[in-house]
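The next block holds one structure in the form of structure tokens; read it before the comments.
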Amino acid sequence: MFEAHHRSWLEYLSRAGSGAGAARAGYQLSGTEHLYRALAPGRGAVLTVPHIGNWEMFGPALTDLGIKVHTVTGIQLHRAVAREIRALKARDGIEVSTPEDGFLPLLGALRRGSVVALMADGDVFSRSLPAQFFGREIPFPAGPAILARRAHAPIVHGHAVRTEAGHRITFDGMDEPNPSLSMREDLSRLTAGVARSLERSVADNVTQWCIFRPIWSADVA
């Protein structure tokens, strides 16, 4: 896990001096039909991604396709390098906001047709909903579902894995908000979809899952 995590950052940071399009030769895309279907109505899309493989490759891959990307970034690695990491994202054409900025920048990005990329297994969230994950109920970030419901935008599920040829970036499917349901019902349904997608991705690629926080409480782990 530690090796995979450090390797991911070295791969991403090494792009800083490689010039535009450096990422293009290092990845393959699959499932893009889900992405384009989600973006077709013009309301943007919420992309949920787990800490598997090199998740940072999603940003450059999407901008290579001409798709605008917005992401939320807290302190990554260390405060001393966080500013440089954000600057690198900006050079890749990725808009960045912080958790302290709240939902407004994200809603604005969706209204402009952008992809808002969020970590499905992150620990920086202000609101959670219970969802089943490997047979146990745990709190999941409710942010993706709240954004999708408020912006009438779909949620696209994706994951990235490291392969012998580089990286494989996959868009696994999508879920759309259902305005006929109550807010509570729809948020629970959408969050459960995020949890199911994460579970499948982890089950298939558990050796590349970089997670450094407790997911399950000690009494059920």
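Where a number appears in this text, it was derived from the coordinates with a stated rule and is not lab data. Computed from a predicted model, the values in this text were never measured in an experiment. In this analysis, Cβ positions are derived from the backbone assuming ideal geometry, glycine residues included, and neighbour counts consider all displayed protein chains.
Which of Val202, Val115 has the fewest other C-beta atoms within 10 Å, and how do the rest follow up to the most?
Neighbour counts put them in this order, fewest first: Val202, Val115.
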Fill in: Fully extended contour minus Cα-Cα distance, from Asp64 to Phe134, at 0.36 nm per residue
21.7 nm
Worksheet entry | Amide H contacts under 5 Å for Ala142, placed H, 5+ residues apart | Arg127, Ser128, Leu129
